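Participant: Take this structure, written in structure tokens, and hold onto it; I'll ask about it next.
The values are calculated or read from the model by the stated rules, or taken from the named source; none is laboratory data. Keep in mind it's a predicted model, so treat the numbers as computed, not measured. Reconstructed Cβ throughout: ideal geometry from the backbone, glycine too, with neighbour counts over all protein chains shown.
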């Protein structure tokens, strides 16, 4: 138990590192995006994620799930993964969407994923402290 908080921090940093690397790969395209537009993207991604958390929290309560199961379902059903989004984006033919445009389209995927990780890490840490 003494090392639990240290392990939690290391785990959260490991989770954050994967999308951060993808985010860094798109940094040249990100520099072309205005700060206000980027903040709107981040806020929209967070709002959508919070709506999913609320929806899934309500559904698990209505179905009468036990608290540990509720927590797991709420987090897992609310997350939209970056690997799936980037795979779908990569499978779009270049004739339909240019590689440069794909780089720009990847930015909201990456920022939303990072936001989800931060929100869910905070939520999971809080739930762990309450347990």
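Participant: Out of the helices (runs of 4 or more DSSP H) lying entirely within region 47-131, which hold 2 or more residues that are surrounded by 12 or more Cβ atoms within 10 Å (Cβ to Cβ) and at pLDDT 90 or above?
Facilitator: Where helices (runs of 4 or more DSSP H) fall fully within region 47-131 and carry at least 2 residues being surrounded by 12 or more Cβ atoms within 10 Å (Cβ to Cβ) and at pLDDT 90 or above, they are 67-78, 99-130.
Participant: Given (1) at pLDDT 80 or above; (2) exposed (fewer than 15 other Cβ atoms within 10 Å of the Cβ), where does residue 25 come up short, assuming only one miss?
Facilitator: (1)
Participant: So, one more: For region 76-102, how many residues meet the condition of being within 18 Å of the chain's Cα centre (by Cα) and in contact (Cβ under 8 Å) with a residue 12 or more places away in the chain?
Facilitator: Total satisfying the criteria: 9.
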